[in-house]
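Below is one structure; the comments refer to it alone.
The values are calculated or read from the model by the stated rules, or taken from the named source; none is laboratory data. Because the structure is predicted, anything quoted here is derived from the model rather than measured. Here the Cβ is made from the backbone with ideal geometry for all residues, glycine too, and neighbour counts use every protein chain on show.
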Ligand code: CA
């Protein structure tokens, strides 16, 4: 799960990031509205936490720009102002939820979980063929067998399961798993697909990670072709 935090008060941005990372989320933080709009428009985030009062472009402007570009990522808007007209403006501009500063960690987690659940992202497991990925334990399960995945293997497997039979490009996987700024290259995707194939085989899974030149990867059930 990747979350983008757009907040110009760096201490607050960094503490939100630390709280969410402590809960197992990957978090990127940016400190002005223009950067926020650019990052959020990549479409790789499961949630955007967006401050209202921002330099360059305010939170309402960021939200409007994202919705204009048909980026459907849920937006949790943060503001020190709690006046009704601001809430209405926020919801009108495309925010999904409002959290008034100051807030405590529990309120933040409650909002984040509610928004992720609402878009169906917060499920217990993803399945394909005879195999399930348990999201709480980061394990692949098949019949009686289970195998733990490393953090990158887990995120890569999650992305492949979300796409299922649809192809996902190496570039997309690289961005979603390793992040926009990372120095990882497409070869990393190939290497980790190799690790996943070994682990799938080890538990007797019938799931095949199929590679298609230039199109990337998709999942198939063995013996169905
Ligand atoms: Ca601010």
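Quick notes on this structure:
- Considering residues of the stretch 25-35 that are in contact with a helix residue (DSSP H, G or I) (Cβ under 9 Å, 6 or more places away or on another chain) and farther than 8 Å from residue 4 by Cα only, the residue surrounded by the most Cβ atoms within 10 Å (Cβ to Cβ): 33
- Scanning the stretch 60-72 for residues that are buried (at least 17 other Cβ atoms within 10 Å of the Cβ) and at pLDDT below 90 turns up just one, 71.
- Exclusive hit being under 21 Å from residue 45 (Cβ atoms) and at pLDDT below 90, set 158, 214, 166: 166
- Against the criterion of being surrounded by fewer than 17 Cβ atoms within 10 Å (Cβ to Cβ), modelled with pLDDT under 80, out of contact with any helix residue (DSSP H, G or I) (no Cβ under 9 Å at 6 or more places or on another chain) and under 22 Å from residue 3 (Cα atoms), residue 121 does not qualify.
- Within the stretch 173-199, being assigned to a helix (DSSP H, G or I), surrounded by fewer than 18 Cβ atoms within 10 Å (Cβ to Cβ) and out of contact with any helix residue (DSSP H, G or I) (no Cβ under 8 Å at 6 or more places or on another chain) holds for 187, 191, 194, 197, 198.
- Strands (runs of 3 or more DSSP E) lying entirely in the stretch 1-108 (those with 1 or more residues that are away from the ligand (no atom under 16 Å from the Cβ) and at negative phi): 2-6, 26-30, 47-51, 97-100
- Scanning the stretch 126-148 for residues that are modelled with pLDDT under 90 and loosely packed, with under 15 Cβ neighbours inside 10 Å yields 127, 136, 137, 143, 144.
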